[in-house]
Amino acid sequence: MYQFNYHKPASLDEAVALFREADDPMYLSGGMTLLATMKQRLAAPTDLIDLAGIAEMTGVQVNADAVRVGAFTTHNVVAGSAEIQQALPVLSQLAGLIGDNQVRNRGTIGGSVANSDPSADYPAAVVGLGGTVHTQQRSISGDEFFQDLFETALQPGEIITHIDFPIPKRAAYRKFPNPASRYAVVGVLIADFGGSVRVGVTGAGPCAFRASGIEEVLNEHLDPSAINGVEVPDAGFNNDLHASAEYRAHLVKVMARRALSDLLKT
Amino acid sequence: MKVTLTVNGTEHAVEVPANTLLVDLIRVNLQLTGTHVGCDTTQCGACTVHLDGRAVKACSMLAAQAEGAHVTTIEGIGDPENLHPMQAAFREHHALQCGFCTPGMIMQAIDLIDNNDGLDSQTIREGLEGNICRCTGYHNIVRAIESVANAS
Ligand SMILES: Cc1cc2nc3c(=O)[nH]c(=O)nc-3n(C[C@H](O)[C@H](O)[C@H](O)COP(=O)(O)OP(=O)(O)OC[C@H]3O[C@@H](n4cnc5c(N)ncnc54)[C@H](O)[C@@H]3O)c2cc1C
Ligand code: FES
Ligand code: FES
């Protein structure tokens, strides 16, 4: 890892000011992705701005129709939060499936969403639940947030402060994990908002997206067999040593059927 | 930069470059070499320590991120005359061969016991997702942890 200047601001304003003054800065949350990238010298920031000291980015708030999670909340806190388990159990379940226990004790929801790894789990929830990503300067709809491989709507210097998730009538998440890393080869989150269904997919394409074909048939019949006839085109899907694009397209339907069966049991 | 932290109950103020990993502060600066480095890529768990009571991989944290924290390493839980129950269980159940993964396994196992009610063997196996052992085949590690879970 190259040398860098380390900063730990106590407020968002201070963090943004440090970012503007530095040559080539990066924000640091749990470091579960960024530090590995720096060790490989794929990232070499001159300044690392640690977000751990910013109180505005922490905490979980649950109200009647949404759950708000501070960006600096670790995966294990989301997995273990009695409040979230009660109001939006699918989010706790999804967080508990991320990586391993030690990774879940450090990795944060903000870092995961900002990173937009094609096989990360949280993006399926942001898209599938129709979440809203808040930064220090604006709110970004979940449908517009993920743009491409490791690319999001965030502008340089923008910090995710918290994420809102609307509470559906019921929802379920299923992933086909890579047996070594536990990252999603494909993961599908289905949410039933009573009258409209949203389907968020991760792992299959360069970033998370809504499976509109599956949403259409499920809005007609909320039944796993309805998914059988849907065409999931594999154009642009990830094609690597873990799975071919064609296999991923197949997995989207399999995971969607399993998620829907789980959802119908709740 | 200066990092102040408490390791195994003793406060230390250590002068290190900003890019120092927590595991290097522990092994090189404090000479506590019980915490191992197997992969240096967050995969194997040999470097697992407790940070404010939760298991983390010390190879994937900056020392600076532990500022003000309480860190416990394998040296902090017991000693040869007075083994921690988890260490005693690993010995009893022959849960180690070369011993390289053992400090990390034990620190992770203690986190599992502390943060779960009623551990069964499936939960223990899932809980060891982030720890790799190339010797034992895991069965005896799971048995050792189960014995401590059942006793507590
Ligand atoms: C062994 C292992 C297994 C894993 N398995 C999974 C898995 O199964 N599923 C999964 O989803 N993930 C997995 N991960 C990734 C993990 O979830 C990380 O938590 C996540 O990738 C990044 O979160 P972080 O808080 O560590 O962010 P960091 O590594 O600190 O930062 C990641 C990126 O986001 C930027 N950033 C961080 N916080 C913010 C913010 N608030 N606003 C704007 N930008 C920000 C940083 O500048 C950096 O570019 C795994 C990681 C490891 C090491
Ligand atoms: S050395 Fe830290 S996880 Fe392998
Ligand atoms: S005992 Fe040798 S690696 Fe586990």
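Tell me which residues, restricted to segment B:35-48, are closer than 25 Å to B:Met1 by Cα and either among the small types (Gly, Ala, Ser) or within 16 Å of ligand 1 (Cβ to nearest atom) (or both).
If we filter segment B:35-48 for residues that are closer than 25 Å to B:Met1 by Cα, which is where we start, we get B:35-37, B:40-42, B:47-48.
Once the filter is applied, which keeps residues that are closer than 25 Å to B:Met1 by Cα and either among the small types (Gly, Ala, Ser) or within 16 Å of ligand 1 (Cβ to nearest atom) (or both), segment B:35-48 yields B:Val37, B:Asp40, B:Thr41, B:Thr42, B:Cys47, B:Thr48.
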Legend entry - Elements of type helices (runs of 4 or more DSSP H) in segment A:11-106, at least 2 residues being closer than 22 Å to B:Cys39 by Cα and either within 16 Å of ligand 2 (Cβ to nearest atom) or in the same structural domain as A:Ala191 (by TED's automatic domain parsing) (or both): A:34-39, A:101-104
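Give B:Val56, B:Val49 a once-over and let me know the one that is in contact with a His (Cβ under 9 Å, 6 or more places away or on another chain), part of a strand (DSSP E or B) and either among the acidic types (Asp, Glu) or closer than 21 Å to A:His75 by Cβ (or both). It would help to see each step written out before you state the result.
On the way: B:Val49 fails: in contact with a His (Cβ under 9 Å, 6 or more places away or on another chain).
Answer to the check: B:Val56.
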Legend entry - Of the criteria (1) part of a loop (DSSP other than H, G, I, E, B); (2) open to solvent by 40 Å² or more (accessible area, probe 1.4 Å); (3) free of Cβ contacts under 8 Å to residues at least 24 places away in the same chain, which one A:Met1 fails: (3)
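Return a yes/no flag: does segment A:218-225 have any residue that is in contact with a His (Cβ under 6 Å, 6 or more places away or on another chain) and not polar (S, T, N, Q).
As a first pass, look at segment A:218-225 and keep what is in contact with a His (Cβ under 6 Å, 6 or more places away or on another chain): none.
Looking through segment A:218-225, none of the residues is in contact with a His (Cβ under 6 Å, 6 or more places away or on another chain) and not polar (S, T, N, Q).
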Inset, instruction - Check segment B:31-39 and report whether any residue there is open to solvent by 20 Å² or more (accessible area, probe 1.4 Å), facing another protein chain (nearest Cβ under 10 Å), of a type in the set (Ser, Thr, Tyr) and free of Cβ contacts under 8 Å to residues at least 24 places away in the same chain. - result: no
Inset, instruction - Collect the residues in segment B:107-132 that are outside any helix (DSSP H, G or I) and either within 16 Å of ligand 1 (Cβ to nearest atom) or touching a residue at least 60 places away in the same chain (Cβ under 8 Å) (or both), keeping them in residue-number order. - result: B:Leu128, B:Glu129, B:Gly130, B:Asn131, B:Ile132
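Any chance segment A:122-139 includes a residue that's closer than 30 Å to B:Met105 by Cα and either away from ligand 2 (no atom under 16 Å from the Cβ) or of a type in the set (Val, Ile, Thr) (or both)?
Pass one, segment A:122-139, residues closer than 30 Å to B:Met105 by Cα: A:122.
Checking the rest, the ones that are also either away from ligand 2 (no atom under 16 Å from the Cβ) or of a type in the set (Val, Ile, Thr) (or both) come to A:122.
The answer is yes, given that some residue of segment A:122-139 is closer than 30 Å to B:Met105 by Cα and either away from ligand 2 (no atom under 16 Å from the Cβ) or of a type in the set (Val, Ile, Thr) (or both).
The values are calculated or read from the model by the stated rules, or taken from the named source; none is laboratory data. Bear in mind the structure is a predicted one, so any value in this text is a computation, not a measurement. In this analysis, Cβ positions are derived from the backbone assuming ideal geometry, glycine residues included, and neighbour counts consider all displayed protein chains. Surface accessibility is based on the protein's heavy atoms, side chains included, excluding ligands, DNA and RNA. Shrake-Rupley method; radii C 1.70, N 1.55, O 1.52, S 1.80 Å.
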